[in-house]
Amino acid sequence: MIYLDNAATTKVFPEIIQNVKIWSEEFFANPNSIHPNGQKSRRAVEQTRHFFSDYSGCKPEDIIFTSCATESNNTIIKGLAEKYPSKDEILLSPIEHKSVLYPVMYLKRKGFKVKFLKIDNSGRIDLDDLKKKISNKTLFVGVIHVNNETGVVQDLETIGKICKERKVLFFSDVVQSFGRIDIPFSYIDFFSVSGHKINAPKGVGFLKKSGELIPLLHGGGQEFGVRSGTENVIGILSIKEALDIWLKRKENFIKRSKNLENILIKQLKEYIPEIKIVSEGYKVPYITTAIFPDVKGQDMVMALGRAGVEVSSGSACSTGSPTPSHVLLSYGFSEEEALRGVRFSFEVETKEEDIIKAVEKTVEIYKKLKRFTGFSL
């Protein structure tokens with residue numbers, strides 16, 4: 001199998017798989033227990049917290065370990081709404097992951113006003129529109145760093161400066177950028193991270209906060225009272241190890257990904273001239289979405305899977321849904337076009353021959369589907 005769906009999830013690094021057994025035996029105790037084994041686990045958790053706070057440039061107590069980015073996003077969004085009820089307006093990019101979009105829509109049903117920011121021709125936030133819409137009633141501005149469907153990168157530094165000037169909180173989902181590209185942490189008040197996007201196991205993530213958050217989960221008061229529940233010590237150690245590995249490979253990964261993306265796009269355009277590549281400008285090279293003429297994206301994904309190439313249509317969380325991608329609709333594509341998107345995403349082990357083979361299979365399957373099934377809504 002050629003796996004090109006790394007924006008959905010990544011394989012766990014072999015080094016982490018080897019260490020999990022060791023860590024499971026060494027750090028088995030509850031880190032909230034005061035006996036020696038419990039305190040051994042606690043030290044491991046706190047050392048990792050300091051590692052992430054040093055990397056992010058914040059205080060250790062502002063790093064809160066969670067189970068995933070979805071939990072982190074919900075904790076930040078709902079926690080801010082509880083903390084600052086007098087600020088009833090949210091500014092949000094229309095291309096957020098659903099784990100951000102849906103909690104915000106939940107708050108809208110509770111009476112919050114939600115204003116979506118305009119997207120320019122490059123797929124980035126229209127900064128003039130942001131300046132026009134931000135106000136002293138704005139609870140926070142939410143803008144994803146790297147879009148999970150298209151790879152478009154937002155200018156978080158400039159957005160963050162605007163928010164700071166207006167004394168408004170700035171929140172970003174950095175799941176697809178964390179560890180891979182530089183992030184202007186000093187301009188972001190709140191952000192979320194997920195372990196399984198950087199080759200750690202599923203079930204661990206963290207958030208960075210600035211100031212107090214009203215907790216989403218109530219219980220034992222772990223994680224400075226922000227996230228009750230026994231910490232996942234093995235997961236926490238795994239995500240630290242994953243970032244360690246990524247920091248050593250990041251520069252080479254970006255260089256290799258640019259080459260792989262060039263091959264992918266060039267060959268797709270050569271064999272399917274009518275194909276549309278979403279946002280070839282301000283984007284990371286490891287996520288690329290193509291709009292295929294006359295063939296449904298989900299049909300392409302299923303047929304490619306049977307042929308040994310694993311890709312996705314839209315975000316993995318909505319692959320069972322017949323509705324068009326809200327991200328592609330926000331970029332100005334029609335509903336018909338938005339149903340024809342296929343995403344290719346790379347990882348550290350993706351090879352040039354993988355891309356060449358994947359394109360061969362993609363072109364072959366596209367021609368068969370176009371000939372025998374056509375496209376119908």
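Suppose R0 equals 35 Å; then what is the FRET efficiency for Lys164 and Lys368 from their Cβ-Cβ distance, rounded to the nearest 0.05? It would help to have the intermediate numbers written out before the result.
Working: r = 54 Å, r/R0 = 1.53.
The value I calculate is 0.05.
Based on the Cβ-Cβ distance from Ser122 to Asp244, what FRET efficiency comes out when R0 is 25 Å, to the nearest 0.05? Numbers along the way, then the final one.
Working: r = 33 Å, r/R0 = 1.34.
Rounded to the nearest 0.05, the efficiency is 0.15.
Rounded to the nearest 500 deg cm²/dmol, what is the calculated helix-only ellipticity per residue at 222 nm for the chain, with -39500 (n - 2.57) per DSSP H run of length n ≥ 4?
On the way: 11 runs with 157 residues, N = 377.
Rounded to the nearest 500, the figure is -13500 deg cm²/dmol.
What is the extension gain from Lys202 to Ala29, computed as 0.36 nm multiplied by their sequence separation minus the C-alpha to C-alpha distance, in nm to one decimal? Numbers along the way, then the final one.
Values: separation 173, 0.36 × 173 = 62.28 nm, distance 2.04 nm.
Length gained, Lys202 through Ala29: 60.2 nm.
Is region 120-243 rounded, prolate or oblate when judged by the Cα gyration tensor, a ≥ b ≥ c being the square roots of its eigenvalues, rounded requiring a/c under 1.5 and prolate requiring a/b larger than b/c? Spell out each step's value before the answer.
On the way: a/c = 2.71, a/b = 1.40, b/c = 1.93.
It is oblate, given that a/c is not under 1.5 and a/b is not larger than b/c.
How would you rank His218, His97, going from fewest to most other Cβ atoms within 10 Å of each one's own Cβ?
Numbers: His218 9, His97 22.
Ascending number of Cβ neighbours within 10 Å: His218, His97.
Could you work out how far apart the two model spin labels at Lys276 and Arg306 are, taking each label as a point 7 Å from the Cα in the direction of the beta carbon, and quote it in nm?
A separation of 2.8 nm, rounded to one decimal place.
Take the residue pairs Lys266/Lys368; Lys21/Lys357; Lys248/Lys283; Lys248/Lys351; Lys197/Lys367 and return only those whose Cα atoms are more than 30 Å apart. Don't skip to the answer; put the middle values down first.
Values: Lys266/Lys368 21 Å; Lys21/Lys357 36 Å; Lys248/Lys283 22 Å; Lys248/Lys351 18 Å; Lys197/Lys367 32 Å.
From Lys266/Lys368; Lys21/Lys357; Lys248/Lys283; Lys248/Lys351; Lys197/Lys367, over 30 Å: Lys21/Lys357; Lys197/Lys367.
What order do you get for Tyr331, Tyr271 when you list them from fewest to most C-beta neighbours inside 10 Å? Walk me through the intermediate numbers first.
On the way: Tyr331 24, Tyr271 15.
Fewest-to-most Cβ neighbours within 10 Å comes out as Tyr271, Tyr331.
Hey, how many Å between the Cα centroid of region 7-24 and the Cα centroid of region 252-317?
Their Cα centres are 27 Å away from one another.
Considering only the other residues whose Cβ falls under 11 Å of the Cβ of Lys59, what net charge follows from Lys and Arg at +1 and Asp and Glu at -1? Display every interim value, and only then the final one.
Numbers: positive: Arg49, Lys208, Lys209; negative: Asp54, Glu61, Asp62.
Once positives and negatives cancel, what remains is 0.
Which value in nm describes the separation of the simple spin-label points at Leu217 and Asn259, placed 7 Å from the Cα toward the beta carbon?
About 4.3 nm separates the two model spin labels.
Which of the lysines could a cross-linker bridge to Lys78, judged by Cα under 19 Å and excluding same-chain residues fewer than eight apart?
Lys87, Lys98, Lys108, Lys110, Lys113, Lys115, Lys137, Lys208, Lys209
What order do you get for Cys68, Cys58 when you list them from fewest to most C-beta neighbours inside 10 Å?
Ordered from fewest to most neighbouring Cβ atoms within 10 Å, Cys68, Cys58 come out as Cys58, Cys68.
Of Lys250/Lys370; Lys202/Lys269; Lys161/Lys240, which ones are farther than 32 Å apart at the Cα? Intermediate values should be presented prior to the final figure.
Values: Lys250/Lys370 39 Å; Lys202/Lys269 36 Å; Lys161/Lys240 29 Å.
In this structure, Lys250/Lys370; Lys202/Lys269 lie more than 32 Å apart at Cα.
Values in this text are rule-based calculations from the coordinates and carry no lab data. As the structure is a prediction and not an experimental result, all values here were calculated from the model. Note that we place each Cβ from the backbone using ideal geometry, even for glycine, and neighbour counts take in every protein chain shown.
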